[in-house]
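The values are calculated or read from the model by the stated rules, or taken from the named source; none is laboratory data. This structure is a prediction, so every number in the text was calculated from the model and none was measured. Every residue, glycine among them, receives a Cβ derived from its backbone with ideal geometry; neighbour counts consider all protein chains shown. Ligands, DNA and RNA are excluded from the accessible area calculation, which covers all protein heavy atoms including side chains. Shrake-Rupley method; radii C 1.70, N 1.55, O 1.52, S 1.80 Å.
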Amino acid sequence: MLLISCPNCGSRDETEFQYGGQAHVAYPEAPDTLTDREWAEYLFYRDNTKGAFAERWLHSTGCRQWFNMLRDTVSYEIQAVYRMGEPRPAGSPEAGATTSPAAGNAGSSASPAAGNSGTSSSPASPEGALK
Amino acid sequence: MTTHQPPEHPDFLWRNPEPKSSYDAVIVGGGGHGLATAYFLAKNHGMTNIAVLEKGWLAGGNMARNTTIIRSNYLWDESAAIYEHALKLWEILPEELEYDFLFSQRGVMNLAHTLGDVRESIRRVGANKLNGVDAEWLDPQQVKELCPILNINDNIRYPVMGATYQPRAGIAKHDHVAWAFARKCDELGVDIIQNCEVTGFLKDGNRVVGVKTNRGTIHTEKVGLAAAGHSSVLAEMAGFRLPIQSHPLQALVSELHEPVHPTVVMSNHVHVYVSQAHKGELVMGAGVDSYNGYGQRGSFHVIEHQMAAAVELFPIFARAHVLRTWGGIVDTTLDASPIVGTTPVENMFVNCGWGTGGFKATPAAGLTFAHTIATGTPHKLNKPFALERFETGALIDEHGAAAVAH
Ligand SMILES: Cc1cc2nc3c(=O)[nH]c(=O)nc-3n(C[C@H](O)[C@H](O)[C@H](O)COP(=O)(O)OP(=O)(O)OC[C@H]3O[C@@H](n4cnc5c(N)ncnc54)[C@H](O)[C@@H]3O)c2cc1C
Ligand SMILES: [Zn+2]
């Protein structure tokens, strides 16, 4: 079990949180101009990095806020926790590996307005992956 | 329940050749799917100048780690077709491969615990029957008759309200399946090369012409990726993306017990599934860890949760001891269906996305993937499972409740 340090509540057990998948995937800027291929990329394609991965977590049984986390997907070591809207911490290995071809990587620099509202939901978050 | 033991192994199953400098086709990944693909390439398509490259030991990935449940009672037509084809192949393969891997058709039960489960289950039984898949709906009393150790009382949090049952489903000995395929591949001339990790690809424009490995460069006309949890890593090396997320999935066994559990019981709602292995261990599993992970281990809280469910359903398990737990890395897609077909790179093909339930598909995955690699076009059974479905929207959404557990 991971011990996750929520930016609002401090260290809590992983079971208090929900996973939200890859961070910094921005909503397409001009959705009406996307091709089917680009929509597929936005809806279904996420990085599956082996190594340092920027991802979103929701503290569902605590403050109910979303936040970002940098975690190694092999050792599971948590390398950084940072708020929605903040860029991926610089200097971390693999920085820049998280690209979203359809939408660019806008989310990592320009913070979406709804950044930490807690209402943002990942259309592709794999909680349904409990097959 | 079959209690007979697996046969002694022959002293020799396959050669360990040095890689040649070129092959007609190279399969990346020596798990069940890679080996079955090589077998059908050789047997059905006469392609014998081929190699299976495995970075570790043969079938040491998910093939060695799964809980071996085989069934075909999937909801959608496309899934029922490919999994039922696999089940028919399991029924004839021990003879064809001349190797007994103890395929035991002891039936699989999928329990229903809510009104929603009941409705979904009855609908799935109907769909299965229309697709020629054997399926029955059992009431709690019939559940109890088939599996007397199951608790069907009302005094538990989620009482058993019935179950679907597929009599032809069951389990097999996974390692023996891999060895059976490997031995036949070897006989047919296929080179199985262990400790050979693919680290990159050689391309001529957009066409793959070879693979780089820790044991040198190998030229080839065709590459088939069958690397399960590492499919995204290989695709990235080749320059394309896959809609796959890798998750840890774990399982465990108890110490040996007298035969007490005659069938396979799965519950998606309380999330545990249990069978009893030929030697007597209780084999249990549950869901994936929620996060992406390449570490072959799962979290303890998942075990705690599944044990709570197991003990409620099977009170006699309360004093059994956990002997061993382990994890694999499963390659999940958003519609919980596999991807078998061509890729954006010419002459490179992919078989992945089988997630938590690809062992049962091994023979059909191999058959259809071999067809796709040999002819460059999909077999009719894997056509719907092309990568393009994520663009066209023709998803095969097996997440729909009970048909989705392993
Ligand atoms: C705990 C657990 C329980 C499961 N239970 C069931 C079940 O009950 N029923 C069911 O149907 N399915 C089940 N599954 C799923 C099933 O195991 C998989 O879907 C299936 O094994 C995948 O195909 P495979 O056997 O070829 O994969 P693997 O055996 O994982 O083969 C992939 C191979 O590729 C190799 N590889 C990776 N990268 C490289 C590289 N760069 N170069 C060379 N080789 C490479 C790996 O080392 C590995 O051996 C379970 C899985 C797990 C983990
Ligand atoms: Zn919090």
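For the stretch B:379-392, what does the Karplus curve 6.51 cos²θ - 1.76 cosθ + 1.60, with θ = phi - 60°, yield as ³J(HN,Hα) per residue in whole Hz, taken in order and with x for Gly and Pro?
6, 4, 6, 9, 3, x, 9, 6, 4, 4, 4, 6, 8, 6
In whole Hz and in residue order, list the ³J(HN,Hα) couplings for the stretch B:286-294 that follow from phi through the Karplus curve 6.51 cos²θ - 1.76 cosθ + 1.60, θ = phi - 60°; x for Gly and Pro.
Those phi angles translate into 8, x, 6, 6, 5, 8, 5, x, 10 Hz.
Among rounded, prolate and oblate, which fits the stretch B:68-107 when a ≥ b ≥ c are the square roots of the eigenvalues of its C-alpha gyration tensor, a/c under 1.5 means rounded, and a/b larger than b/c means prolate? Working shown, then result.
Details: a/c = 3.69, a/b = 1.84, b/c = 2.00.
Oblate.
Mind listing the Cα extents of the stretch B:253-373 along all three principal axes, in Å, largest one first?
If we take the Cα atoms of the stretch B:253-373, the spans are 56, 30, 24 Å.
How large, in percent, is the carbon and sulfur part of the accessible surface of the stretch B:264-406 at a probe radius of 1.4 Å?
Taking all protein chains in place, the stretch B:264-406 shows 57 percent carbon and sulfur surface.
Would you mind checking the radius of gyration and Dmax of the stretch A:1-86 based on alpha-carbon positions, in Å?
Just the Cα atoms of the stretch A:1-86 yield Rg and Dmax of 14.6, 43 Å.
Hey, can you list the residues from the stretch B:305-336 whose accessible area shrinks by 40 Å² or more with all protein chains present, relative to the chain by itself (probe 1.4 Å, no ligands or nucleic acids)?
In the stretch B:305-336, residues shielded by partner chains: B:Leu334.
Given Cβ point charges of +1 (Lys, Arg) and -1 (Asp, Glu) and nothing else, what value in debye, to the nearest 20, does the dipole of the stretch B:195-239 about its Cα centre take? Please list the in-between numbers first.
Numbers: 5 positive and 4 negative charges, 17 e Å.
Dipole magnitude for the stretch B:195-239 comes out near 80 debye.
Please calculate the 1.4 Å probe accessible area of B:Phe317, with all protein chains present, and give it to the nearest 10 Å².
10
Once the convex hull of the C-alpha atoms of the stretch B:285-341 is built, how many Å³ does it hold per residue, rounded to a whole number?
Values: hull volume 7.1 nm³, N = 57.
Value for the stretch B:285-341: 124 Å³ per residue.
Would you grab the residues whose amide H sits under 5 Å from the one on B:Gly358? Only those 5+ places off in sequence or on another chain, please, with H modelled 1.01 Å from N.
none
For the stretch B:272-378, report the accessible area per residue in Å² (1.4 Å probe, heavy atoms, rounded to an integer).
29
For B:Asn44 and B:Tyr158, what is the calculated FRET efficiency with R₀ set at 60 Å and r taken between the beta-carbons, to the nearest 0.05?
0.85
Per residue of the stretch B:138-146, what does 6.51 cos²θ - 1.76 cosθ + 1.60 with θ = phi - 60° give for ³J(HN,Hα)? Whole Hz please, x for Gly and Pro, Karplus curve as stated.
Each residue's phi maps through the Karplus curve to give 10, 7, x, 5, 5, 4, 5, 5, 6 Hz.
Cα extents of the stretch B:99-140 along the three principal axes, largest first, in whole Å?
Extents along the principal axes: 44, 23, 13 Å.
Using only the alpha-carbon atoms of the stretch B:207-316 as identical scatterers, what base-10 log of I(q)/I(0) does the Debye formula give at q = 0.12, 0.21 Å⁻¹?
At q = 0.12, 0.21 Å⁻¹ the computed log10 ratios are -0.62, -1.09.
What are the residues whose amide H is under 5 Å from the amide H of A:Ala80, where those residues sit 5 or more places off or on another chain and H is modelled from the backbone?
Correct list: A:Leu70.
With heavy atoms of protein chains only and a 1.4 Å probe, what residues of the stretch B:369-393 have at least 10 Å² less accessible area in the full set of chains than alone?
Buried-area filter returns B:Leu387, B:Phe390, B:Glu391.
The stretch B:134-164 to the stretch A:18-76: how many Å between their Cα centroids?
If you average the Cα positions of each part, the centres end up 40 Å apart.
Given a 1.4 Å probe and the protein chains all in place, what does the accessible area of A:Asp36 round to, in Å² to the nearest 10?
Looks like 100 Å² after rounding.
State, in square angstrom and to the nearest 100, the accessible area buried between chains A and B, both chains counted, probe radius 1.4 Å. Walk me through the numbers before you get to the answer.
Values: alone 7470 and 16330 Å², together 20630 Å².
That pair of chains buries around 3200 Å² in total.
Counting every Cα pair in the stretch B:165-253, what percent are over 18 Å apart?
Details: 2449 of 3916 pairs.
When all Cα pairs of the stretch B:165-253 are counted, 63 percent exceed 18 Å.
Tell me, in nm to one decimal, what length is gained between A:Glu16 and A:Glu29 on full extension, where the rule is 0.36 nm per residue of separation less the Cα-Cα distance?
Separation in residues times 0.36 nm, less the Cα-Cα distance, equals 1.4 nm.
For chain B, set up a Gaussian network in which alpha carbons nearer than 10 Å are linked by springs, and say which option among B:Val272, B:Val125, B:Val233 fluctuates the most.
The residue that fluctuates most here is B:Val233.
Take every DSSP beta bridge whose two residues both sit in chain B, then give the antiparallel share in percent to the nearest 5.
70
Tell me what chain B gives for mean residue ellipticity at 222 nm when only DSSP H runs of n ≥ 4 count, each as -39,500 (n - 2.57), the sum divided by the residue total, rounded to 500 deg cm²/dmol.
-8500 deg cm²/dmol
Under 12 Å from the Cβ of B:His321, count the other residues' Cβ atoms, weight Lys and Arg +1, Asp and Glu -1, and hand me the total. Working shown, then result.
Working: positive: B:Arg319, B:Arg324; negative: B:Glu255, B:Glu281.
Taking every other residue near B:His321 into account, the sum is 0.
On average, how much accessible surface per residue is there in the stretch B:4-123, in Å², for a 1.4 Å probe, leaving out ligands, DNA and RNA?
Accessible surface, normalised per residue, equals 39 Å².
Could you rank B:Ile303, A:Ile78 by how accessible they are, 1.4 Å probe, largest area first?
Numbers: B:Ile303 15, A:Ile78 55 Å².
The ranking, largest first, comes out as A:Ile78, B:Ile303.
Separation of the stretch B:65-107 and the stretch B:226-292 by C-alpha centroid, Å?
Rounded to whole Å, the Cα centres lie 16 Å apart.
Could you tally the net charge around B:Val209, taking each other residue with its Cβ under 12 Å from the Cβ of B:Val209, Lys/Arg +1 and Asp/Glu -1? Don't skip to the end; give the middle numbers.
Details: positive: B:Lys203, B:Arg207, B:Lys212, B:Lys222; negative: B:Asp204, B:Glu221, B:Glu346.
Overall, the nearby charge balance is +1.
From zero outward in steps of 10 Å, how is the percent of C-alpha pairs of the stretch B:1-146 spread across the bins?
Once binned at 10 Å, the Cα pair distances of the stretch B:1-146 give 9, 28, 31, 20, 10, 2, 0.
Roughly speaking, to the nearest percent, how much of the stretch B:26-138's 1.4 Å accessible area is carbon and sulfur? Before the final figure, lay out the partial values.
Details: 2040 of 3760 Å².
Accessible surface attributable to carbon and sulfur in the stretch B:26-138 totals 54 percent.
Can you list the equivalent-ellipsoid semi-axes of chain B, largest first and in whole Å, using the square root of 5 times each Cα gyration tensor eigenvalue?
With the √(5λ) rule applied to chain B, the semi-axes are 36, 22, 19 Å.
Specify the inter-centroid distance of the stretch B:32-64 and the stretch B:196-213, based on alpha-carbon positions, in whole Å.
For the stretch B:32-64 versus the stretch B:196-213, the Cα centre distance is 18 Å.
Among DSSP bridges having both ends in the protein assembly as shown, what percentage is antiparallel? Round to the nearest 5.
Values: 66 of 86 bridges.
Looking only at bridges with both residues in the protein assembly as shown, the antiparallel portion is about 75 percent.
Quick check on the stretch B:137-293: what does the Kirkwood estimate of hydrodynamic radius come out to from the alpha carbon pairs, in Å?
Radius from the Kirkwood sum: 20.1 Å.
Report the local net charge at B:Asp11: Lys and Arg +1, Asp and Glu -1, summed over other residues whose C-beta lies under 14 Å from its C-beta.
Within the 14 Å Cβ shell, the charges total 0.
Among the listed pairs B:Lys55/B:Lys129; B:Lys360/B:Lys383; B:Lys212/B:Lys279; B:Lys55/B:Lys203, which are separated by more than 30 Å between their Cα atoms?
B:Lys55/B:Lys129; B:Lys212/B:Lys279
Taking amide H positions as placed in the peptide plane 1.01 Å from N, state which residues far from B:Val208 in sequence (5 or more) or on other chains have amide H under 5 Å from it.
Close amide H contacts, sequence-distant or interchain: B:Glu346, B:Met348.
Divide, for the stretch B:328-406, the radius of gyration over alpha carbons by 2.2 N^0.38 Å, where N is the residue count.
Against the empirical 2.2 N^0.38 Å value, I get 1.06 for the stretch B:328-406.
At q = 0.06, 0.08, 0.10 Å⁻¹, what is the log10 ratio I(q)/I(0) for the protein assembly as shown, with the Debye formula run over Cα points and no solvent?
For the requested q values the scattering log ratios are -0.28, -0.51, -0.82.
What whole-number value in Å² describes the accessible area per residue of the stretch A:1-80 for a 1.4 Å probe?
Ligands and nucleic acids excluded, the result is 42 Å² per residue.
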